[in-house]
Amino acid sequence: MDKENWSFTPSDLFTIPNILTYLRFILIAPFMYFFLNDKLVIAAICIGISGLTDCFDGMLARKLGQVTSLGKILDPIADKLTLFAVVICMAIKIPKIIPLLIMLLLKDALMILGGMDLVKKGITPPAAKWYGKLGTVVFYFSVGIIIFLKAVFGYENPILDFTLILVTALTMFFALFQYAKLYFSLVKEHSQKE
């Protein structure tokens with residue numbers, strides 16, 4: 001692997017996109033605290049801000065010419081940690097959807113393993129694609145709707161919760177399928193070069 005692809009300088013630490021990514025890391029703990037203590041409006045605000053920063057960090061990185069190796073590493077880690085935090089909270093509060101949440105975790109575990117295997121093979125993992133971002137947007141939307149309805153209207157509907165999580169799972173598995181095709185394409189292309 002070309003080491004320059006993964007090198008970064010101290011100035012990379014303080015780019016606007018990377019600062020937005022740090023904010024996503026910081027918001028995980030308060031989100032979990034407020035969600036688990038039934039302060040759902042504040043929890044919804046935390047996850048909403050997290051979702052917005054996730055939407056804008058990549059766009060700003062490209063627009064401002066601040067795409068960094070550090071950002072490429074931190075962005076998916078922030079995504080996964082946020083996802084795991086939400087999954088844990090929802091499993092505690094809405095146990096009926098645990099099977100779907102397990103599927104979401106398996107999907108992300110497979111993506112992490114695939115990325116690690118690419119790095120091991122000396123292949124630079126690809127940047128996030130539209131289908132990956134779509135999965136993230138649907139995830140934040142579904143969680144936001146569930147929390148909002150419960151927090152503002154005191155409305156809980158297991159069928160609606162299940163449907164939203166199912167749509168999220170299908171969207172994320174579509175992304176996993178697309179990333180799997182990309183993974184095998186990169187591995188094949190790399191093996192042909194050797």
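Numbers for the structure displayed
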{"read-out": "Conditions (1) buried (at least 20 other Cβ atoms within 10 Å of the Cβ); (2) at pLDDT below 80; (3) among the aliphatic types (A, V, I, L, M): number failed by Ile47", "value": "(2)"}
{"read-out": "Test: residue in region 109-117 that is farther than 26 Å from Ser191 by Cα and free of Cβ contacts under 8 Å to residues at least 12 places away in the same chain", "value": "no"}
{"read-out": "Unique match (being aliphatic (A, V, I, L, M), farther than 27 Å from Tyr179 by Cβ and assigned to a helix (DSSP H, G or I)) among Ile98, Ile73, Ile42, Ile88", "value": "Ile42"}
{"read-out": "Number of positions in region 59-69 that are open to solvent by less than 20 Å² (accessible area, probe 1.4 Å) and part of a helix (DSSP H, G or I)", "value": "2"}
{"read-out": "Residues located in region 75-106, provided they are charged (D, E, K, R), surrounded by fewer than 19 Cβ atoms within 10 Å (Cβ to Cβ) and either in contact (Cβ under 8 Å) with a residue 60 or more places away in the chain or more than 21 Å from Lys150 (Cα to Cα) (or both)", "value": "Lys80, Lys96"}
{"read-out": "Any hit, region 148-156, residues being open to solvent by less than 40 Å² (accessible area, probe 1.4 Å), modelled with pLDDT under 90, in contact with a helix residue (DSSP H, G or I) (Cβ under 7 Å, 6 or more places away or on another chain) and among the hydrophobic types (A, V, I, L, M, F, W, C)", "value": "yes"}
{"read-out": "Condition met for Ile28 (in a helix (DSSP H, G or I), farther than 17 Å from Lys133 by Cβ, open to solvent by 10 Å² or more (accessible area, probe 1.4 Å) and modelled with pLDDT of 85 or more)", "value": "yes"}
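Each row is one residue, and each column tells you yes or no for (1) aliphatic (A, V, I, L, M); (2) more than 26 Å from Gly71 (Cβ to Cβ); (3) modelled with pLDDT of 80 or more.
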residue	(1), (2), (3)
Ile98	yes, yes, no
Leu106	yes, yes, yes
Ala109	yes, no, yes
Thr124	no, no, no
Gly135	no, no, yes
Phe141	no, no, yes
Ile165	yes, yes, yes
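The values are calculated or read from the model by the stated rules, or taken from the named source; none is laboratory data. All figures in this text were calculated on a predicted structure; none of them were measured in a lab. Cβ coordinates were reconstructed from backbone atoms using ideal geometry, including for glycine residues, and neighbour counts include every protein chain displayed. Each accessible area value is taken on the protein alone, full model and side chains, heavy atoms only, with ligands, DNA and RNA left out. Shrake-Rupley method; radii C 1.70, N 1.55, O 1.52, S 1.80 Å.
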